[in-house]
2 protein chains.
Amino acid sequence: MSGGAPGGFPADFSALEAEMAAVAARVEDCLDQVLPQPQGPEAPLAEAMRYATLGGGKRLRPFLLLETGRLFGAPENWLVRAGAAVECVHCYSLVHDDLPCMDDDALRRGRPATHVAFGEAVAVLAGDALLTLAFDLLASEECHRDALVRVRLVSALSRAAGAGGMVGGQMIDMALEGTAPARAEVARLQTLKTGALLGFCTEAGALIGGAGGEAARALSAFARDLGLVYQIADDLLDAEGSAAEMGKAARKDAARGKPSLLMGRSPAEARAEARALGDAAARQLDLFGERAKLLKDLARYALDRRR
Amino acid sequence: MSGGAPGGFPADFSALEAEMAAVAARVEDCLDQVLPQPQGPEAPLAEAMRYATLGGGKRLRPFLLLETGRLFGAPENWLVRAGAAVECVHCYSLVHDDLPCMDDDALRRGRPATHVAFGEAVAVLAGDALLTLAFDLLASEECHRDALVRVRLVSALSRAAGAGGMVGGQMIDMALEGTAPARAEVARLQTLKTGALLGFCTEAGALIGGAGGEAARALSAFARDLGLVYQIADDLLDAEGSAAEMGKAARKDAARGKPSLLMGRSPAEARAEARALGDAAARQLDLFGERAKLLKDLARYALDRRR
């Protein structure tokens, strides 16, 4: 089933996809430059960091960060650098989440997960080193000329990624596994696990672009809703998708009793809610007019992606 | 065997031990304040973070940082905050190193390791969250009033803790296990695994205190030598100590074929070398006169400690 625009016409995401691909290529170049090169007895660490980070993913988070920064005319090279930082955090979280003691996923982006390719110990260390690298990237002058902005980026990332954000969300995800949590609990889980890092992306774009409070608040609300849309889309993929489409095992979350935003609803109902949520998210950006077109598209694109 | 001063007289470390205990108490208070409180379904994460961090250890790294900052009259509260940050990184590294897929140690500081007490998944996440928290602590105004200093602290910590520092050292440690590496290789391993974070401590104290280049270089050389002294002392403890003395399993490193600085030498030879190295480290600090007395003692204290 292919997604449709609110009016029922097939949506055209070609401009969005082209720009996402362009941003992904620039972030890939940046990551390739900042990631360590394998050498010496520690070579497997650098190899695993590169394996976990390069050549995969749509780079949704860097794209969100770049498009936000562009609203305020921020320099592209600063945005790309911050985008590489958030992608390091995202990729580290995937490496650790896939570990046997966590979600135990052997497949990621259609390839063996990092711990399958390099062993568990190297995977733990590669995740640690990617997280650490992210802060170095944000602290560098290549991310912003003003040290106060850089230090605010560091603060914002550590809050979004830590116990009160992404890692806290992953903890709740595990704690609720096999229980029958209320939907509000699952929504809070996802707001921490996925939404916090997406929120960092708009926050970082706004900080680097020197945005005012009203604009930053609208973008933050947008990011929060966007996170839920993507999570519902993920849960739908897990329920309906095939492993080939997803690049990882399908129906695994449901089989494990993972908390899901689908609970108690049909896929069609969940899809309709996600679409309404995406439309609401897009309206948060009305104050930016046409300049926010790709960001608005992003909120509706989630339900059309296949992996 | 008890340690002796270079001249053969029993050394008196009572002033050093008293000040280390005082610093440890202040850092403990700070950690208690900044670590999350357990609540909600994510409570086990906060509990594990607190378990791994509070109530244990000599706080060598914070002490080194504070004593360095004091040489330059830096405000104590800033130094304590930075000391708490480096302790978060140290404790996270112990949690991850103890995991079954890494060094597989069930005992730490005389208590069950974090993964034994909370499970492996929670231990991985607690380590991740502690590392993340460290950067938030350094980025805060409570660490220094000047954003440029804070951002330099963030940069310095990420370099010391990441692939080019502590995590890289841990990778080499695993890679060389069961091989017969040259001593220079083992020394490089330990300089990364232990020395880099100790080097951060003097660097951070110097940064917060606004030290000049010559002073910072002397302190950096001191930290590098200090790291080797502590590592030889650790290797001696593993070879000679009992589990009760160490608070963790003894002779385990040797049994696993872990790279050791003892290789090819008797304990007495290694002890003599460490003592000479400690004396050399202390001489690096001659330019600070009597003010550096406790730091100098620290270099000789390593060989007298029992855990």
Can you give the FRET efficiency to the nearest 0.05 for A:ASP32 and B:ARG291, using r as the Cβ-Cβ distance and R₀ = 35 Å? 0.15
Computed label-point distance, nm, for sites B:ALA117 and A:SER14 using a 7 Å Cα→Cβ extension: 6.0
Averaged over peptide A:184-192, how many Cβ atoms belonging to another chain are found within 10 Å of each residue's Cβ? 1
May I have the count of lysine pairs in the protein assembly as shown with C-alpha atoms under 21 Å apart, counting pairs 8 or more residues apart or located on different chains? 16
Translational D (Stokes-Einstein, µm²/s) of chain A at 10 °C and 1.306 mPa s when Rh comes from the Kirkwood sum over C-alpha pairs? 81
Place +1 on the Cβ of every Lys and Arg and -1 on the Cβ of every Asp and Glu in the stretch B:14-304, take the dipole about the Cα centre, and give the residue among B:PRO100, B:LEU219, B:THR179 whose Cα lies farthest towards its positive end. B:LEU219
Here the FRET efficiency for B:GLU177 versus A:ASP304, based on Cβ atoms and R0 = 51 Å and rounded to 0.05, is 0.55
First select every other residue whose beta carbon is under 15 angstrom from the beta carbon of B:SER140; then total the charges, Lys and Arg +1, Asp and Glu -1. +3
Would you mind checking which residues have amide H under 5 Å from A:LEU107's amide H? H placed 1.01 Å from N; only 5 or more apart, or other chain. A:ALA113, A:ALA249
Assigned charges on the beta-carbon of Lys, Arg, Asp, Glu; the stretch B:14-304 dipole about Cα centre (debye): 540
Relative contact order for chain A, counting Cα pairs under 8 Å that sit 6 or more residues apart, in percent: 19
Net charge of neighbours whose Cβ lies under 14 Å from the Cβ of A:ARG291, counting Lys and Arg as +1 and Asp and Glu as -1: -2
Would you mind counting up the charge near B:GLY178? Only other residues with Cβ under 11 Å from its Cβ, with Lys and Arg at +1 and Asp and Glu at -1. +1
Only Lys, Arg (+1) and Asp, Glu (-1) charged, at Cβ; the protein assembly as shown dipole about Cα centre in debye: 280
Under the classification rounded if a/c is under 1.5, otherwise prolate if a/b is larger than b/c and oblate if not, where does the stretch B:91-185 fall, given a ≥ b ≥ c as square roots of the Cα gyration tensor eigenvalues? oblate
Can you give the relative contact order of the stretch A:1-149 as a percent, counting alpha carbon pairs under 8 Å and 6+ residues apart? 23
Determine the calculated [θ] at 222 nm for chain A from helices alone, applying -39500 (n - 2.57) to every DSSP H run no shorter than 4 residues and normalising by the residue count; nearest 500 deg cm²/dmol. -21000 deg cm²/dmol
Charges only on Cβ, +1 for Lys and Arg, -1 for Asp and Glu: so what's the dipole of the stretch A:77-128 about the Cα centre, in debye to the nearest 20? 320
Averaged over residues of A:114-126, the number of beta carbons from other chains lying within 10 Å of each residue's Cβ is 4
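Bear in mind these aren't lab numbers, they're just calculated from the coordinates by the rules spelled out. Quantities reported herein were computed from a predicted structural model and do not represent experimental measurements. Glycine gets a Cβ as well: all are built from the backbone with ideal geometry, and neighbour counts include every protein chain shown.
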